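In what follows, a structure is listed as structure tokens, so that the remarks can point back to it.
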Amino acid sequence: MNNNKLKVLDRDMMKYLAIGLMFVGHLISWLTLLDYPDDLLAVYKLPLWKLLIEEAAVFCPPVMFFFIADGYKYTRDRKKYALRLFIFALITQLFNWFVFWQIYGWRSFNVIFTLLLGLLSIMVWESKLKLWQRIALIILCDAVTVLIMSEWLIFGVLFILALHIFREKPRTRFIVYMCLTLIYNIIYAAAMTGKVPPLTSAVVMICGILVMTAAYLCMTVFYNGKKGKHPLFTKWFFYAFYPLHYIIIYAVRICLDRS
């Protein structure tokens, strides 16, 4: 069988699929959080069908991690790429604070900061610095994600770096990716121990592993590496949609309150 026949998804399709699942998942989780601002685990008390849909949003981050690793390889100007990520991270953060300030305060930063730090880690890894210096700077990048509490802290940088380093070794890349996926989801589920029913934490863990595995398969088996018909539009739409979806969901919350 020709594996190329399976590669039916271009870059535009992958991005729309990822942000579509992200938006639906965030719509459920964020509306719940805004309804119960004093209960950060309220989403895990939702009916099972809602919880499963919410967990589908986990598909998006691994896709973004892949595209950061790809972006390093294919972008013409990596410094401009990093600057662009930084600008959109700042813009998105304003929306983040507007919606979630009363819940999280200032010390909760959006995932684009994690993507930026992942890109910087790749740049460090590919630099001409000594190995110990590169490792130290990568640890520093990861430590920043903890300091600012950006989404996917610690793990986001590790995923991005692993996807880059093992690009030419598919089997090793898959093993490392799955190890990180298992560790991330086990820690995530363990953090909920005693706070939600054991069955709920088990469902969240298993669903997270399955969805993140599906994201990997989409990017390695079904993604053909092509830009798509409207790469420039999709590129900027993706950047713009992420901060704007905060306001869209917040507006939905206001409309529901008034209805």
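Quick look at the numbers
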quantity: Protection-proxy order for peptides 159-169, 221-231, each taking the mean of Cβ atoms within 10 Å per residue, highest first; calculated: 159-169, 221-231
quantity: Candidates 111, 196, 58: whichever shows maximal mean-square fluctuation once the chain is modelled as a Gaussian network with Cα springs under 10 Å; calculated: 196
quantity: Whole-Å distance, taken between Cα centres, linking the stretch 77-137 and the stretch 1-30; calculated: 23
quantity: Amide proton proximity set for residue 227, modelled H, under 5 Å, gap of 5+; calculated: 11
quantity: Residue exposure sequence - 131, 115 - by fewest surrounding Cβ within 10 Å; calculated: 131, 115
quantity: Whole-number percent relative contact order across the stretch 13-121, with pairs defined as alpha carbons under 8 Å at least 6 apart; calculated: 27
quantity: Inter-probe distance in nm under a simple model that places probes 7 Å from Cα toward Cβ, at residue 129 and residue 256; calculated: 4.5
quantity: Added length on full extension, which subtracts the Cα-Cα distance from 0.36 nm per residue, residue 224 to residue 24; calculated: 69.5 nm
quantity: Estimated vicinal HN-Hα couplings, Hz - the stretch 145-158 in sequence order (Karplus 6.51, -1.76, 1.60; Gly, Pro = x); calculated: 4, 6, 4, 9, 6, 6, 4, 6, 4, 6, 6, x, 4, 5
quantity: Residue (of 93, 207, 170) at the positive-pole extreme of the chain, dipole from beta-carbon charges; calculated: 170
quantity: Restraint check, 5/45; 169/195; 79/229; 15/195; 45/226, Cα-Cα greater than 31 Å; calculated: 5/45; 169/195; 15/195; 45/226
quantity: Fraction of the pair-distance distribution of the stretch 107-191 above 17 Å, Cα-Cα pairs, percent; calculated: 50
quantity: Positive-end residue, the stretch 1-59 charge dipole about Cα centroid, Cβ charges, pick of 53, 28, 42; calculated: 53
quantity: Using θ = phi - 60° and Karplus 6.51 cos²θ - 1.76 cosθ + 1.60, couplings along the stretch 17-31 (whole Hz; Gly, Pro as x); calculated: 4, 5, 6, x, 5, 4, 5, 5, x, 5, 4, 6, 6, 6, 4
quantity: Mean separation of Cα contacts under 8 Å (6+ apart) over length of the stretch 95-164, as relative contact order %; calculated: 41
quantity: Residue-wise HN-Hα coupling along the stretch 32-38, computed from phi with Karplus coefficients 6.51, -1.76, 1.60 (Hz; x: Gly, Pro); calculated: 5, 5, 5, 6, 10, x, 8
quantity: Angle in degrees between helix 60-74 and the longest Cα principal axis of the chain, rounded to the nearest 10; calculated: 20
quantity: With eigenvalues of the C-alpha gyration tensor scaled by 5 and rooted, the stretch 150-205, Å; calculated: 27, 12, 6
quantity: The chain - charge dipole about Cα centre, Lys and Arg +1 at Cβ, Asp and Glu -1, debye rounded to 20; calculated: 1160
quantity: Ascending count of other beta-carbon atoms within 10 Å, so fewest first, for 134, 107; calculated: 107, 134
quantity: Over the chain, relative contact order from alpha-carbon pairs under 8 Å, at least 6 apart, %; calculated: 32
quantity: Solvent-free Debye scattering, log10 I(q)/I(0), computed from the Cα coordinates of the stretch 1-106 at q = 0.13 Å⁻¹; calculated: -0.68
quantity: Approximate spin-label separation residue 7-residue 167, in nm, with each point projected 7 Å along Cα-to-Cβ; calculated: 1.5
quantity: Positive-end residue, the chain charge dipole about Cα centroid, Cβ charges, pick of 104, 186, 13; calculated: 13
quantity: Average silhouette area of the chain, convex hull of alpha-carbon atoms, in square nanometres; calculated: 15.4
quantity: Choice from 151, 55, 126 showing the highest fluctuation, given a GNM over the chain with Cα pairs closer than 10 Å; calculated: 126
quantity: Shape category assigned to the stretch 173-247 from the gyration tensor of Cα positions, a/c cut at 1.5; calculated: oblate
quantity: The chain: calculated mean residue ellipticity at 222 nm from DSSP helix runs of at least 4, using -39500 (n - 2.57); calculated: -25000 deg cm²/dmol
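Only the coordinates and a few stated rules stand behind these numbers; no lab work does. A quick note: this is a predicted structure, and the numbers were derived from the prediction, not measured. Cβ sites come from the backbone with ideal geometry, for glycine too, and all protein chains shown count toward neighbours.
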